[in-house]
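Since the structure comes first, as structure tokens, the remarks are kept for the end.
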Amino acid sequence: MLAAAALAVLAGCGTADEDLGWQGRYRVAPVEVGPIRDVVPAMGEVRIEGLVEVGAEISGRIAAVHVARNARVEQGDRLLTIERRPFEAAHTLASARLAAAAARVRAQRAGLAGARARLARITPLARSGTAPAASRDDLVHEIAGLEAGLETALAEQRIAAAQLDEAAHALSRTEIRAPISGLVLDRRVQAGQVINSAQSAPVLFVLAPESEEILVEALVSEQDIHRVRLGMGVDAYPPYSSIPMSGEVLDIGQYPERKGRFVSYPVTVVIDDLSQRLGLGMSINLEFVAARASEVLRAPIASVYFRPRDWRPPQDVYDRLRRDRPGFATLPASTQRAAAAGAYFGTLIRRGVRTLHVLRDGVPQVIEVEIGKQDQEFVEIRSDRLKPGDRVVVGERDEIEAAVRG
């Protein structure tokens with residue numbers, strides 16, 4: 001089974017054929033110095049964080065548009081002016097209505113004050129019988145009516161004041177200004193055009209904030225999402241350049257997206273766009289870098305899994321299992337070998353080492369090494385017992401030829 005695993009890895013190994021060779025019954029490959037680069041590929045789409053759509057709160061004819069597409073604006077800059085005359089007239093009318101309402105309030109208060117003064121004079125006379133009591137009662141009813149009239153006038157004054165505020169607000173909205181500093185990505189209006197905000201809120205401009213960081217939304221397949229983690233480095237290749245931009249994983253979505261039988265997960269990447277050349281909606285190739293190292297000692301990944309077909313675990317492993325596991329000696333030989341192999345490799349993994357078979361004088365010698373980073377083709381080897389040019393075994397002639405025949 002170990003040999004079969006080695007064959008499977010060898011079949012997927014990308015080592016060039018010219019680097020492989022036969023030495024007797026063994027297929028060998030060189031140990032060399034080179035890079036390790038393990039990536040998860042994906043396709044993404046550029047989006048801009050903080051994108052702002054600017055609309056109109058009022059309806060009217062556009063008198064002037066002050067900016068063009070791709071213009072840079074500062075917060076508060078004028079973008080567009082709506083014809084002001086109808087709104088100025090409405091503001092003037094609302095001001096006049098407020099003034100009339102205020103005059104009615106003053107008149108009601110004056111009338112009420114006069115009626116209260118008369119009531120104060122006639123009340124003692126009515127008590128002494130000098131003046132008729134009916135006159136006093138009439139004044140009381142008149143004052144009640146004047147008080148109600150004053151409340152009505154005050155309410156009308158408040159309505160007129162609110163109408164003036166609304167007219168002033170509408171007048172101020174004839175000038176649409178930039179809510180943020182940034183770039184005008186899109187301008188969707190022209191001078192002379194009529195906009196109707198009552199039916200819908202029309203988008204007139206799309207602004208992007210000034211930033212050297214751009215977000216990219218990518219979909220990573222369910223087979224690879226477990227290899228992506230927060231903060232992971234990302235190489236981003238825009239369509240206009242083969243030189244990657246650097247980025248990192250900002251967010252990993254947990255809700256899947258399904259397209260037929262394919263399941264993917266959304267991943268957000270932040271990219272340093274120092275040249276500010278990435279456009280909204282642009283497609284961009286991403287490589288999530290799971291492992292990367294340069295100029296390290298490396299060997300084909302198949303060499304880590306190779307075992308000679310007549311390989312057996314060391315005898316001390318069998319001895320330990322016989323001592324520690326009652327009944328081990330009664331198991332079939334094939335079962336004993338499988339259990340011993342599992343115990344042996346478990347011990348190696350706990351120690352943080354693996355074994356390679358290095359060909360020395362035509363004979364494979366087992367060397368324990370530490371394994372560093374790895375990609376789809378190579379593993380990093382950390383050992384002072386290997387040097388560039390050493391040949392490691394990746395397969396045997398009989399099993400490889402049998403696999404080819406198939």
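The values are calculated or read from the model by the stated rules, or taken from the named source; none is laboratory data. Keep in mind the model is a prediction, meaning the values are calculated, not measured. All Cβ positions, glycine included, derive from the backbone under ideal geometry; neighbour counts span all protein chains shown. The accessibility values were calculated without ligands, DNA or RNA, using every heavy atom of the protein model including side chains. Shrake-Rupley method; radii C 1.70, N 1.55, O 1.52, S 1.80 Å.
Dipole magnitude for the chain: about 1160 debye, using +1 per Lys or Arg Cβ and -1 per Asp or Glu Cβ, origin at the Cα centre.
A 1.4 Å probe, protein heavy atoms only, puts the accessible area of residue 128 near 80 Å². Of the chymotrypsin sites (Phe, Trp or Tyr not before Pro) in the stretch 236-301, the ones in a loop by DSSP (not H, G, I, E or B) with at most 12 other beta carbons within 10 Å are 240.
If I model the chain as equal point scatterers sitting on the Cα atoms and use the Debye formula, what is log10 I(q)/I(0) at q = 0.10, 0.12 Å⁻¹? Result of the Debye calculation: -0.91, -1.07. Helix 2-12 sits at what angle to the longest principal axis of the chain, using alpha carbons and giving 0 to 90 degrees rounded to 10? Helix 2-12 sits at roughly 60 degrees to that axis.
Quick one: check the C-alpha center-to-center distance for the stretch 271-343 versus the stretch 221-252, whole angstrom. The two parts, judged by their Cα centres, are 25 Å apart.
Please find the FRET efficiency linking residue 135 to residue 158, where r is the Cβ-Cβ separation and R0 is fixed at 51 Å, and quote it to the nearest 0.05. The computed FRET efficiency comes out at 0.90.
Considering only DSSP states other than H, G, I, E and B, which trypsin sites (Lys or Arg not before Pro) in the stretch 153-189 qualify as loop sites with at most 15 other Cβ atoms within 10 Å? Filter output for the stretch 153-189: 188.
Which value, in nm² and rounded to one decimal, describes the direction-averaged projected area of the C-alpha convex hull of the stretch 122-265?
22.3 nm²
When nucleic acids and ligands are ignored and a 1.4 Å probe is applied, residue 119 ends up with an accessible area of around 40 Å². For the chain, the residue among 340, 172, 204 whose Cα projects farthest onto the positive side of the dipole built from Cβ charges is 172. Extension gain for residue 33-residue 272 works out to 82.9 nm (0.36 nm per residue, less the C-alpha to C-alpha distance). Here the spin labels are modelled as points 7 Å beyond Cα on the Cα-Cβ line, and at residue 127 and residue 335 they lie 12.1 nm apart.
When 109, 323 are compared by accessible area at a 1.4 angstrom probe, the order from most to least is 323, 109.
What percentage of the solvent-accessible surface of the stretch 61-214, computed with a 1.4 Å probe over protein heavy atoms, is contributed by carbon and sulfur atoms?
Of the solvent-accessible surface of the stretch 61-214, carbon and sulfur hold 52 percent.
Helical content alone sets the calculated 222 nm signal of the chain at -11500 deg cm²/dmol, taking -39,500 (n - 2.57) per DSSP H segment of four or more residues and averaging over every residue. Using the 1.4 Å probe convention, the accessible area of the chain works out to 56 Å² per residue with neighbouring protein chains retained. Please work out the FRET efficiency for the pair residue 230 and residue 194, using the Cβ-Cβ distance as r and a Förster radius of 60 Å; give the result to the nearest 0.05. So the FRET efficiency works out to roughly 0.75.
Look at the alpha carbon pairs under 8 Å that are at least 6 residues apart: their mean separation over the length of the stretch 246-368 gives a relative contact order of 15 percent. Using C-alpha pairs below 8 Å separated by at least 6 residues, the relative contact order for the chain is 29 percent. The distance between label points at residue 320 and residue 81 comes to 8.8 nm (points 7 Å beyond Cα on the Cα→Cβ vector).
Placing unit charges on each Cβ (+1 for Lys and Arg, -1 for Asp and Glu) gives the stretch 206-334 a dipole about its Cα centre, and among 216, 317, 240 the Cα reaching farthest toward its positive end belongs to 317. Computed from the C-beta positions of residue 254 and residue 96, the FRET efficiency with R₀ = 60 Å rounds to 0.45.
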